[in-house]
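Scroll down for the structure; my scribbles are underneath it.
Bear in mind that the values in this text are calculations on the coordinates, not laboratory data. Given the structure is predicted, the values throughout are model-derived calculations rather than measurements. Every residue, glycine among them, receives a Cβ derived from its backbone with ideal geometry; neighbour counts consider all protein chains shown.
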Amino acid sequence: MMRTMLLKLSQNSSLREAFSKYRFAQRAARRFIAGEELSEAIAAVRELNTHHILATLDHLGENTTNEREAITAADEYLAILDAIARTKVQSEVSLKLTQMGLDIGYELCLQNMRRILERARAHQNFVCIDMESSAYTDRTLDLYERLRREGFDNVGPVIQAYLRRSERDLERLIEWGVRVRLCKGAYQEPPTMAFSRKRDVDANYIKLLEMLFGPRAQEKGVYPAIATHDEKIIRWAIDYTQQHKISKERFEFQMLYGIRRDLQLQLAREGYRVRIYVSYGTHWYPYFMRRLAERPANVLFLVKNLIKG
Ligand SMILES: Cc1cc2nc3c(=O)[nH]c(=O)nc-3n(C[C@H](O)[C@H](O)[C@H](O)COP(=O)(O)OP(=O)(O)OC[C@H]3O[C@@H](n4cnc5c(N)ncnc54)[C@H](O)[C@@H]3O)c2cc1C
């Protein structure tokens, strides 16, 4: 119930306006975001890199409502890619298509993506397209395939294990030799679209991972990113890859900035590729609310910040 309520609130624009101004909320959000400025995010990536941990930089923002905003959002990504190249930090980028104008128009979004992918290509970098709610799944996968057909191979999508359709989507993506992030899914979805019980989501996650490590996927050069903080799943992946002699270079683990730092460091020490999703910017409200929804105990953390004044 708490999850549902927090996810509903994450889409409330009046609350976003009010909440974003409170200092206690800003302080609490800082646990999950690297700062408001690109320079702060680059510093956070540099620190991760010293521990042999990679990053993917995310400039917070979603559901832009006009063309200018979408073009500005794409420009920010060009600046991020330039900054990564200039500072030589080890990082890729992650973005959302609604940030690039998908709600306004497919063509606008496509044009913004082409600009970003061309810049990423010039810097030999990679762009991951985050997956948003199920209202966008078809358009996101369609746009991914369109970009691949246009010759961009430095782009990858995300698959959400809670969606019932994901097995079908993955079958298709495997044929593209996709570089794909597998996560559980962070949005509010109806039971017709998504598994609602954690054990069903987890079982589907394992099923999809088996597909990603299966012979067809390996033959096609699929590169999976196992994006979860769930230790059981992580241990399952480690055991599976060891038993099937899949080397550590053929996949990576991904986690979110500010969550399970201990586990991030431990995996890196064990010689696994670990990549952290580092978010920055001022539009942190929906991202922060999704982090609260994932773990109700985080609400206590917010309350503690309120009490601190
Ligand atoms: C790198 C990365 C990228 C992602 N990209 C997307 C995306 O594009 N689209 C999308 O829908 N979702 C995305 N997600 C979010 C994902 O779908 C889940 O909502 C999120 O990862 C929590 O699920 P879990 O896999 O960690 O497992 P859970 O079963 O939810 O959690 C396992 C354990 O992890 C820890 N944990 C999990 N979440 C939190 C938290 N918020 N605060 C503190 N501890 C926590 C707890 O110890 C918990 O017991 C991404 C996640 C990661 C790691």
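Residues within the reach of a label modelled at MET5 (point 7 angstrom out along Cα to beta-carbon, backbone nitrogen below 17 Å), restricted to the range 276-302, are 289-302.
With a 10 Å Cβ neighbour count serving as the proxy for reagent exposure, in which order, fewest first, do HIS229, HIS51, HIS59 appear?
HIS51, HIS229, HIS59
Placing a pseudo-label 7 Å from each Cα along the Cα-to-Cβ vector at ARG146 and ARG250 gives an inter-label distance of 3.4 nm. By the count of neighbouring beta-carbon atoms within 10 Å, fewest first, ILE259, ILE307, ILE42, ILE33 end up ordered ILE307, ILE259, ILE42, ILE33. Given +1 at the Cβ of Lys and Arg, -1 at the Cβ of Asp and Glu and no other charges, the dipole of the range 82-155 around its Cα centre is 340 debye to the nearest 20.
With neighbours defined as other Cβ atoms within 10 Å of a residue's Cβ, the residues TYR187, TYR223 order from fewest to most as TYR223, TYR187. When both bridge partners sit in the chain, DSSP labels roughly 5% of those beta bridges antiparallel. Between GLN90 and LEU306, the modelled labels are 4.1 nm apart [label points 7 Å from Cα along Cα→Cβ]. With q set to 0.16, 0.17 Å⁻¹, the log10 of I(q)/I(0) for the range 33-283, from the Debye formula over equal scatterers at the Cα positions, is -1.27, -1.45.
Pairs of lysines in the chain whose Cα atoms sit within less than 19 Å of one another amount to 15, provided the residues are eight or more positions apart or on different chains.
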